[in-house]
Amino acid sequence: MGEFERFGLYFVQGLAWGSVYALIALGYTMVYGVLRLINFAHGDILMVAAYIALFAITLWHLPLLLALLLAIAACALLGALIERGAYRPLRNQPRLAALITAIGVSLFLENLAQLLFGAAPRPFPTEIGGRLGALMALASQRCRQSLQIQIEPNQIFIIITSAGLLILLHLLVSRTRFGRAMRAISFDREAASLMGINTDRIISLTFALGSGLAAVAGVLIALGWPKVWPLLGFSPGIKAFIAAVLGGIGSIPGAVLGGMTLGMAEYMTAGYISSDYKDAIAFAILIIILLIRPKGITGKGMIEKA
Amino acid sequence: MKKRDRRSQSLRVSESQSQKRNFFEMLKRILLAIIILVGLGLADWIISRALGPDSYYLQIVIEVGIAIILAVSLNLINGFTGQFSLGHAGFAAVGAYASAAITFYFGAKLVDMVAGLGVGPAVAKPLVFIGVLMVAGIAAAIAGLLVGLPTLRLRGDYLAIATLGFSEIIRLIINNRPEIGGAAGFTPLVALPKFVSFFWVYLFVIITIVVSANLLRSVHGRALLSIREDELASQVMGVPITYYKVMAFVLGAVFAGFAGCLTAHQNLALHPNDFDLIASVMIVVMVVLGGMGSITGCALAAVLLTLLSYALRSTEGLIGGCLLIGLAIISLALAGRRMRSYQKSILSAALLMGIYLLLKASQLLLEQRLAELRMLLFSFLLIMLMLTRPQGLFGAREFSLARLLEYLRPLLRRQTHGPA
């Protein structure tokens, strides 16, 4: 394998993971924007989505896209439900209380999944059937022939889906009333509510949106690395949070940038240095970034009070 | 002239008096220390006779003690100074692995060496153990300094994530070093005979509590509190913020290192996953549940949570846990008349969840899948506790009998006068 092909392999892997990290990091960053809360349960939404898609495909024989839509809907609902049940009662309490509750929710989801589905990993059907699958296979072949880059059909699907969703999200946040309301809340929640914005509803919707994106990420992870188990969301969840901090938490372009940077850094480390320290590199990057630019790459130089 | 003379004379008198008082004060403290040591020794003897030296219950008692040390030492960082650290298990890991490595590689040699100095082996072993403990403390202190110095610029959530990152890096490094067991764990640590006993653990419990209580009442403690309350204001008043933040980190880390060393020599085995994020989170939960800044609160929460996690290991405990959840739901339902609509929706969801859990629990009890139910119940109780009492059991206050009586008085009075 030539040097360029090797680099291409790591690059594609990094891009695929990076786009998944970006999708998850968006959920963290949006929730942090409106509530100033690290939603620890966000990673476990991935796992729920992966299980839903798994059952939709293997038990009910739905096509992948339909299973994906089902997972998005269910997880959006779950996210909104978690916000109502666990976070809203604590909104006027110290932020630490909500953080602990979030950790509790995360443990709860993980253990519930373990109880219901068992701790053993289950295989996820990886082939994308039908016309979509054929299209991806064709694209993969073209890439190999013309660019000399080895890229799996599923990786193409992962990258294209994430890119599409990122563009959609950008339009949603920058062009719609909902997006404007969300930005207003993250700027100043009280002032936003004085301006007639129904903050509770927007916060619920933000959770639903973030969880929906996480659901897509969960299904994509299951497609690319086909093992579904109760702790599936733990490590990607933490890493995506790091990505969000890396880009500047609360900033949407920052989350995308952070996710891509982290994914690339991880797979370049795994490829060129040592795969044993692949996970450590994420944390090392985090600490270095926090020390040099505590507000992240895109963060503004504002002073946090209290 | 006369006046001034008299004043200086009286000053001199009071000085000598205060010196005398200081001497008595010191004598009193030494006596107290001796009494505590003897008392601990006695308690150790009684408990090991009553429970047997290797019993399951003794192990629980010792683990409760280690949990208290961890919670009270994290309270120094989280509760007093207001620096949210999510990496306390990392410091414990440093202490545990540093001491375990010494015991594993040099333990027997050190005991021989110290015994060769003229003291018998009965004295040499505790001396070596004290030395190992000190190494654990120093190693953890260095780790605390390394983490504290660069991260003190960060605040709030950022600090939490940075400390989490550091503790994960520590864990990953341990994972990749075969000399200290690597990912497979470090075992067995038989070079030193099993030392950790009720005496040692509770000696350190007392030291940790006394040090933090005295610190709180000193100038340094006030400085820590002022940083927690308002960092900017205390900086303006001339408090050296950097110095105190690092001090809190290092002190907290030292005690975590002791706790790690005690864990290592209690279990005689170590595994990197014992010090993962969940372990750190559990310590944070103890501090938050007990009430940030309340020493007694943290200690009590450590006892309660450790006992809870053990209680949920038995069938009876599990049934009790289910009943507790049922009770919480019923009491919420009774208070439901004053609730708003969203609270009612939570309640109904919780009710459904509770009923489902009870059904599932009974099914699982039949299938003997206790371990899986345990963590589920634990997390559910945690959420319930935070929702019902977000400021922790004690808030920032300490436990006091007087306040308990004050709180109970109206209830007692109502009983004597009949219903009002």
- Relative to the first principal axis of the alpha-carbon coordinates of chain A, what is the inclination of helix A:95-117, with its axis defined by its Cα atoms, in degrees from 0 to 90 and to the nearest 10? 40
- Give the peptides A:35-44, B:265-274 in descending order of average Cβ contacts within 10 Å, highest first. A:35-44, B:265-274
- Message: Tell me the Rg and the Dmax, in Å, that the Cα atoms of region A:1-131 produce.
- Response: 17.9, 59
- Cα centroid separation, region A:243-263 to region B:120-159 (Å): 35
- Query: Once you put a point 7 Å from the Cα of A:R183 and another 7 Å from the Cα of B:A33, both along the Cβ direction, what distance in nm separates them?
  - Reply: 6.5
- Tell me, B:M26, B:M282, B:M375 in order of fewest to most beta-carbon neighbours within 10 Å? B:M26, B:M375, B:M282
- How well do other chains shield peptide A:185-194, expressed as the mean number of their Cβ atoms within 10 Å of each residue Cβ? 0
- Task: Report, in whole Å, the centroid distance computed from the Cα atoms of region A:151-226 and region B:62-111.
- Result: 41
- Message: I'd like the distance between the alpha-carbon centres of region A:75-92 and region A:5-34, rounded to an integer number of Å.
- Response: 26
- Query: What's the extension gain from B:I207 to B:I138 if we count 0.36 nm per residue and subtract their Cα-Cα distance?
  - Reply: 23.2 nm
- Query: Quick one: helix A:42-58 against the long Cα principal axis of chain A, what's the angle to the nearest 10°, folded into 0 to 90?
  - Reply: 50
- Query: What net charge is computed for the residues neighbouring A:Y87, neighbours being all others with C-beta under 12 Å from the C-beta of A:Y87, Lys and Arg scored +1, Asp and Glu -1?
  - Reply: +3
- Message: Student exercise: in chain A, how many lysine pairs 8 or more apart or on different chains have Cα atoms under 21 Å apart?
- Response: 5
- Neighbour-count ranking for A:K239, A:K227 (other C-beta within 10 angstrom, fewest to most) reads A:K227, A:K239
- Message: Neighbour counts of other C-beta atoms within 10 Å: give me A:C143, B:C298 arranged from fewest to most.
- Response: A:C143, B:C298
- Message: Compute the helix-to-body angle for A:130-142: its Cα long axis versus the longest principal axis of chain A, expressed 0 to 90° and rounded to tens.
- Response: 70
- Message: Treating only the Cβ of Lys, Arg, Asp and Glu as charged (+1, +1, -1, -1), what charge dipole size does chain A show about its Cα centre? Round to the nearest 20 debye.
- Response: 800
- Message: Using only alpha-carbon positions, what ratio does the radius of gyration of region B:58-311 give when scaled by 2.2 N^0.38 Å?
- Response: 1.00
- Evaluate the charge dipole of region A:47-146 about its Cα centre and quote only its size in Debye, nearest 20, assuming +1 on the Cβ of each Lys and Arg and -1 on the Cβ of each Asp and Glu. 260
- Overall dimensions of region A:3-292 by Cα: Rg and Dmax, Å: 18.9, 59
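Values quoted throughout were computed directly from the atomic coordinates according to the rules given, and no laboratory measurement underlies them. None of the values given here were measured: they were computed from a predicted structure. Because the Cβ atoms are built from the backbone with ideal geometry, glycine has one as well, and the counts that use them run over all protein chains shown.
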